[in-house]
1. Which ones in the range 196-208 are open to solvent by 40 Å² or more (accessible area, probe 1.4 Å) and of a type in the set (A, V, I, L, M)?
2. Of the numbered conditions (1) farther than 30 Å from residue 53 by Cα; (2) of a type in the set (Phe, Trp, Tyr); (3) surrounded by 19 or more Cβ atoms within 10 Å (Cβ to Cβ), residue 183 satisfies every one except a single condition; which is it?
3. Condition (residue is farther than 28 Å from residue 198 by Cα, part of a helix (DSSP H, G or I) and open to solvent by 80 Å² or more (accessible area, probe 1.4 Å)) applied to the range 73-91: is it met by at least one residue?
4. Give the range 12-30 a look and list any residue that's open to solvent by 40 Å² or more (accessible area, probe 1.4 Å) and part of a loop (DSSP other than H, G, I, E, B), or say none.
5. Pairs only if they're at least six apart or on different chains, beta carbon under 6 angstrom, first in the range 19-33 and over 14 Å from residue 68 (Cβ atoms), second open to solvent by less than 50 Å² (accessible area, probe 1.4 Å); list them, first residue then second.
6. Scan 178, 193, 159 and give me the residue that is open to solvent by 40 Å² or more (accessible area, probe 1.4 Å) and assigned to a helix (DSSP H, G or I).
7. Test residue 204 against the criterion of being assigned to a loop (DSSP other than H, G, I, E, B) and out of contact with any strand residue (DSSP E or B) (no Cβ under 7 Å at 6 or more places or on another chain), and give yes or no.
8. Run down 133, 115, 168 and say which single residue is farther than 30 Å from residue 3 by Cβ, touching a residue at least 24 places away in the same chain (Cβ under 8 Å) and surrounded by fewer than 15 Cβ atoms within 10 Å (Cβ to Cβ).
Amino acid sequence: MSDDLLRDLDDFFAKTYTDFDRISAMPSYESVTISQILKNRNRIEEGQIATNEMRKIAWQPNRDAVLAELKERHVDSAFSFSFRPAPLGARIRAFFGSKAHAGALLAAFVRKYGGREEEAAEHLGLSPAVWKGLRRGRFLPEKQLLFRAMLSYGFSREDGAVLMRAAGAYYDMNTVQDVVVCYLVSYRVLNRDMIARAFAEYRLRPVL
């Protein structure tokens, strides 16, 4: 099962990862032309799409070699703190009862997916004081905490997107970690061993 997961993840990664500078630096990389992608399709209407697509690993003649080299050379430099102070305006809105801020949504989704709010701080690796600050809107969750919560509790892709927007975060498809997490969330991979295997395959620091 884990081998099937990694093959599926590799396909997703090859079609989704967009850091062309890194892709083109791999020893097995070969230039790909628009004509190789479009063939008999309308080159005027689809040319711009093809220009972007031809930069991705999926179109490489030696796709598997390029992907293996990228994994082997990858150094996980993606880092963020678990939270940051919320802007003054956001703190004021939260104080007057707004439930649309990211911390309140995070707590609501924890409950929605069967978590106990009183256990959430320990489960997410936070101090009780920080968890309280998040729920009250004094802090905003950063991407590392968002990813941990989404994978740990099994948030749906839609709920994860709502939470990330509220926190001012987004998937950066130039970043290996973001592509891997996007796959795991999008396809509801909930098994922790499989999540750990996916992170290890792409040389990522675990978030769980």
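1. Of the range 196-208, the ones open to solvent by 40 Å² or more (accessible area, probe 1.4 Å) are 196-197, 200-201, 203, 205-206, 208.
196, 200, 208, listed by residue number.
2. (1)
3. Yes, there is a match, as at least one residue in the range 73-91 is farther than 28 Å from residue 198 by Cα, part of a helix (DSSP H, G or I) and open to solvent by 80 Å² or more (accessible area, probe 1.4 Å).
4. Answer for the range 12-30, where residues must be open to solvent by 40 Å² or more (accessible area, probe 1.4 Å) and part of a loop (DSSP other than H, G, I, E, B): 18, 25, 27, 29, 30.
5. Qualifying pairs under 6 Å: 32/54.
6. Step by step, each of 178, 193, 159 is checked, and only 193 is open to solvent by 40 Å² or more (accessible area, probe 1.4 Å) and assigned to a helix (DSSP H, G or I).
7. yes
8. 168
The values are calculated or read from the model by the stated rules, or taken from the named source; none is laboratory data. Predicted model only: the values in this text are computed from it and were never measured. Backbone-built Cβ (ideal geometry, glycine too); neighbour counts: all protein chains shown. Just the protein is used for accessible areas: all its heavy atoms, side chains included, with ligands, DNA and RNA removed. Shrake-Rupley method; radii C 1.70, N 1.55, O 1.52, S 1.80 Å.
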